[in-house]
Amino acid sequence: MDITLMPYAFHNGNIVPHEEAKVSIATHALQYGTGAFAGIRGYLDHSGSGINIFRLPDHVRRLLQSGQMLRADLPWSPDEVQQILIDLVKKNAPDRNVYIRPLIYKAGIVLSPALTDIRDDLAIYMIPLDDYVDMSAPLKLMVSSWQRIEDNIIPSRGKFSGGYINSALAKDQATEAGCHDAIMLNRDGKVSEGSGANLFIVRNGTLITAPVTADILEGITRRSLVEFARDEGIPIEERAIDRSELYIADEVFLCGTGVQIAAAGTIDGRQIADGQRGPITEKLQEIYFNTVRGHDNAYSHYVTHVPIG
Ligand code: PMP
């Protein structure tokens, strides 16, 4: 199903009506997948006074780092990219939750799949977006037979357009099998992450997630939950996770900007504990949603409030 874009987009250095933000069919990024993107949520503040963007500087930093790996040459500093995003949110003046999608891409019309001497650009669109997975009903997951891209093939910690073919193959396999999403293993056979989210398990009260060297995308939600858990006194380990640990874990959940924090109910047909969302998952969800909806807490500094109206 096609998504509905908000009226204004950013393209070629300007905020324009989204219908005018068009590229040639010969664009390098369209032909070769040479783009890097971010996925950022804006939550309507609980008071209705505007939009709260969670960890905007971190999203911009990762976007520009991905761009740097693509040797993108853009005229904007990180602060300027943040300001462009804020300006676009103001211009679209949403009165509900939104998703913001900036894309750095090789915009030139060049035949060779190289990285230099090709014009780069930044394009941004926005869409209205509420929860797209039910936060209270646990997910049916499967371990994909598609292996997560490894760093020496397509840098796993870059958020590259072309790399998402890997996610699409895994997600497609999961959908065909009647599952909500896929869990991907890396070349070492260890758990890497979901098709578009990081993964945590809980065993004997310890929260465990794969290390940043497990071919994961270095998720901003993941990093936030590690901090929340530490502050709550929940023991946390970043270490390799075996596939069979998924089956016997007390809790498993996916986390990311899109899925937010979503519990797994079954994996490969095995019920996870009692099949319901567990207490640590619920606690982290509570802290996350309180933060992004603008309730004052220890993490309020992670929220950029964009006043609307
Ligand atoms: N892994 C992949 C492959 C993703 O697409 C995402 C979503 N950006 C994540 C992990 C989670 O990252 P974040 O928490 O920064 O959204």
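The values are calculated or read from the model by the stated rules, or taken from the named source; none is laboratory data. All values reported here derive from a predicted model rather than from experimental measurement. In this analysis, Cβ positions are derived from the backbone assuming ideal geometry, glycine residues included, and neighbour counts consider all displayed protein chains. Keep in mind that these areas ignore ligands, DNA and RNA; they rest on the heavy atoms of the full protein, side chains included. Shrake-Rupley method; radii C 1.70, N 1.55, O 1.52, S 1.80 Å.
Restriction of the chymotrypsin sites (Phe, Trp or Tyr not before Pro) in the stretch 30-132 to DSSP coil positions whose beta-carbon has at most 10 other beta-carbons within 10 angstrom yields Y132. The stretch 63-92 and the stretch 205-248 have their alpha-carbon centroids 29 Å apart. Accessible surface calculations at 1.4 Å, restricted to protein heavy atoms, place the chain at 45 Å² per residue. Shape of the stretch 175-273 from the C-alpha gyration tensor: rounded (a/c under 1.5, with a ≥ b ≥ c the square roots of its eigenvalues). For M6, the residues whose modelled amide H falls within less than 5 Å of its own, excluding neighbours fewer than 5 places apart on the same chain, are M126, I127. Remark: the stretch 179-187, residue by residue, has Karplus-estimated 3J(HN,Hα) of 9, 7, 7, 10, 10, 10, 9, 9, 4 Hz, where x stands for each Gly or Pro and the curve is 6.51 cos²θ - 1.76 cosθ + 1.60 at θ = phi - 60°. Between N198, W76, G294, the Cα set farthest toward the positive side of the dipole of the chain (charges on each charged residue's Cβ, about the Cα centre) is that of W76.
Where in the stretch 240-269 does the label zone of D134 land, with the point 7 angstrom along Cα→C-beta and an amide N cut-off under 13 Å? Label zone hits: 263, 265.
The angle between the Cα long axis of helix 78-92 and the longest principal axis of the Cα atoms of the chain comes to about 90 degrees, rounded to the nearest 10. Take 178-187, 9-18 and order them by the average number of nearby Cβ atoms within 10 Å per residue, most first; the result is 178-187, 9-18.
For I183, the residues whose modelled amide H falls within less than 5 Å of its own, excluding neighbours fewer than 5 places apart on the same chain, are M142, V143, S144. Annotation for T4 and D117: the two label points, set 7 Å from Cα along the Cα-Cβ direction, are 4.7 nm apart. All other residues whose Cβ lies under 13 angstrom from that of D79 are scored, Lys and Arg at +1 and Asp and Glu at -1, for a net of -1.
Using helices alone, I'd like the mean residue ellipticity at 222 nm for the chain: each DSSP H run of four-plus residues gives -39500 (n - 2.57), total over residue count, nearest 500. After summing the helix terms and dividing by residue count, I get -8000 deg cm²/dmol. Any idea what angle helix 279-292 forms with the longest principal axis of the chain, computed on alpha-carbon atoms, 0 to 90 degrees, nearest 10? That helix lies at roughly 20 degrees to the long axis. Rg over Rh for the stretch 8-128 works out to 0.99, both radii taken from alpha-carbon positions and Rh defined as the Kirkwood radius.
Couplings 3J(HN,Hα) for the stretch 261-266, derived from phi with the Karplus relation 6.51 cos²θ - 1.76 cosθ + 1.60 (θ = phi - 60°), are 10, 10, 6, 8, x, 9 Hz, where x marks Gly and Pro. For the chain, the carbon plus sulfur part of the accessible surface works out to 50%, probe radius 1.4 Å.
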